Amino acid sequence: MGIIPLKDWFDEFDNGPVMIVGPCSAESEEQILQTADYLSNNCKPALFRAGIWKPRTRPGSFSGVGSKGVQWMIKVKEQTGMRLTVEVARPRHLEVCLKAGIDVIWLGARTVSNPFSVQELAEALKGVDIPVLVKNPLNPDIDLWIGAIERVYNAGIKRMAAVHRGFSPFERTRYRNMPKWEIPIELRRRIKEMSVICDPSHISGDASMVPELAQKAMDLNMDGLMVEVHNNPPLALSDSNQQLSPGEYCNMMKNLVIRCLKPEDPGFLDYLEELRNQVDSVDHQLVELLSRRLEIIDIIGEYKYRNNVAVLQMDRWLEILKTRLEQAGLSGMDRYFTENYLKLMHQESIRRQTVIMKKLKDKEEKSTDNSHDN
Ligand code: PEP
Ligand code: MN
């Protein structure tokens, strides 16, 4: 794909992570201007955000102020010079934004979850040159996310970035939306030039967790952050718990550590290279050891078959878990990680032995049939 990276969208984006900041919803002209004013004077972000039409989960919740909010946003641009971004869910929303001069639009998680809605917007985007942010869908379905990106791209939009805002859980968890960091990482592997922005506000659902999630996103080398900031969070009409005050946001930015991807110091690179060689060597040995382990598992499978013994031996499995977890614990390894590895290995052993048993049984039956035929 020929997607243009975020830093090349506008001149002022070429300087560190791109920050997209503003309230969940535009509520009044005063609220928008107060929030924008503070940000612009203290820790100016690249883009100012606000929801104008709000796709709410339950009817009866505040559903946005509608088109007049776009006019308040334009005032923000006139007074502060900040560029603007707004969520669009319908072609009609897009039309209002284009007419008013909104700089960037975004597709929300609920919209991206529905290919009909995305396709409708993609049709409306044909022939229009506006950058588009595509949030992840509600469910952890990377193909649905990529599908939405492709629909927008096929409409001719080249300035596109993905926004990672987490995935809806059914159970109550520490997060409002599960981050599942592996999904945005996989998205980048599948579409190399894709910039990814993290939205720690919707992942956490809780203002106190936003800074640690923002730092994690930076450590994973994401290209920017979308953060909800409200001039008076306790009074916010939507997502009140997760919005930072402008002061809290500026404070977070002061403490955010941006680690560079590839420092140029040759001494640093030499030592990194040496350590990576060591990791390569350990990985090589690990693969050899794992394949040796699986060979023995196969021999045991055959032996169990010959002696009519079941594949799963619970006592043995519990003993493996206990002894390996003890050993790993002594080496300071994380229990959850070790348990996951052991379970994966055990599943693979069971799978292989089941295949072996079936193969040997089929072979035996064939030879019995043959001897009957003769
Ligand atoms: C929002 O950004 O306010 C919003 C509604 O986000 P999402 O689509 O991620 O739920
Ligand atoms: Mn919100």
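The values are calculated or read from the model by the stated rules, or taken from the named source; none is laboratory data. Just so it is clear, the model here is predicted, and its values are computed rather than measured. Methodologically, a virtual Cβ is constructed for each residue, glycine included, from the backbone with ideal geometry; neighbour enumeration extends over all protein chains shown. Note: areas computed on protein heavy atoms with side chains; ligands, DNA, RNA excluded. Shrake-Rupley method; radii C 1.70, N 1.55, O 1.52, S 1.80 Å.
What the table below lists for this structure:
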read-out	value
Shape category assigned to segment 64-217 from the gyration tensor of Cα positions, a/c cut at 1.5	oblate
Lys, Arg +1 and Asp, Glu -1 on Cβ, resulting dipole of the chain about Cα centre, debye, nearest 20	980
Farthest toward positive dipole pole in segment 272-373 [+1 Lys/Arg, -1 Asp/Glu at C-beta], among Ala328, Leu318, Ser291	Leu318
Charge sum, other residues only, whose C-beta stays under 10 Å from Phe48's C-beta, Lys/Arg counted +1 and Asp/Glu -1	+3
Selection of GluC sites (Glu not before Pro), segment 206-282, meeting DSSP coil and at most 12 other Cβ within 10 Å	Glu264
Placed amide H near Lys135: partners under 5 Å, 5+ positions off or other chain	Leu107, Val163
Residue-wise HN-Hα coupling along segment 10-17, computed from phi with Karplus coefficients 6.51, -1.76, 1.60 (Hz; x: Gly, Pro)	9, 3, 6, 7, 7, 9, x, x
Cross-link reach list, lysines versus Lys126, counting only Cα pairs under 22 Å and skipping chain neighbours closer than eight places	Lys99, Lys135, Lys158
Spatially proximal lysines relative to Lys366 (Cα-Cα < 19 Å; intrachain offsets below 8 disregarded)	Lys358
Summed side-chain charge close to Pro137 - residues other than Pro137 whose Cβ falls under 13 Å, Lys, Arg +1, Asp, Glu -1	+3
Cysteines without a disulfide-compatible neighbour (Cβ-Cβ under 4.7 Å), the chain	Cys24, Cys97, Cys198, Cys260
Solvent-accessible heavy-atom area per residue, rounded to whole Å², over segment 62-136 at 1.4 Å	40
Segment 300-315-segment 140-164 distance, computed between alpha-carbon centres (Å)	49
Expected 222 nm ellipticity per residue - DSSP helices of 4 or more, -39500 (n - 2.57), all of the chain, to 500	-17000 deg cm²/dmol
Solvent-accessible area, 1.4 Å probe, carbon plus sulfur percent, for segment 6-259	48
Label point distance in nm, Glu302-Glu95, each placed 7 Å from Cα along Cα→Cβ	7.3
Accessible surface, per residue, of segment 208-341 when the full set of protein chains is kept, probe 1.4 Å, Å²	68
The chain: C-alpha gyration tensor shape, a/c 1.5 cut-off, then a/b vs b/c	prolate
With DNA, RNA and ligands ignored, accessible area of Tyr153 (1.4 Å probe; Å², nearest 10)	40
Listed peptides 108-119, 340-351 by packing density, highest first (mean Cβ within 10 Å)	108-119, 340-351
Reachable lysines from Lys343, criterion Cα separation under 16 angstrom, eight or more residues apart if same chain	Lys322
Percent carbon-and-sulfur accessible area, segment 272-373, ignoring ligands, DNA and RNA, probe 1.4 Å	57
Rounded if a/c under 1.5, otherwise prolate or oblate - segment 272-373, Cα gyration tensor axes	oblate
Estimated FRET transfer efficiency when R0 is 41 angstrom, pair Glu326-Glu193 (beta carbons, to 0.05)	0.30
Karplus (6.51, -1.76, 1.60) ³J(HN,Hα), θ = phi - 60°, over segment 236-241, in Hz, Gly and Pro reported as x	4, 7, 9, 6, 4, 5
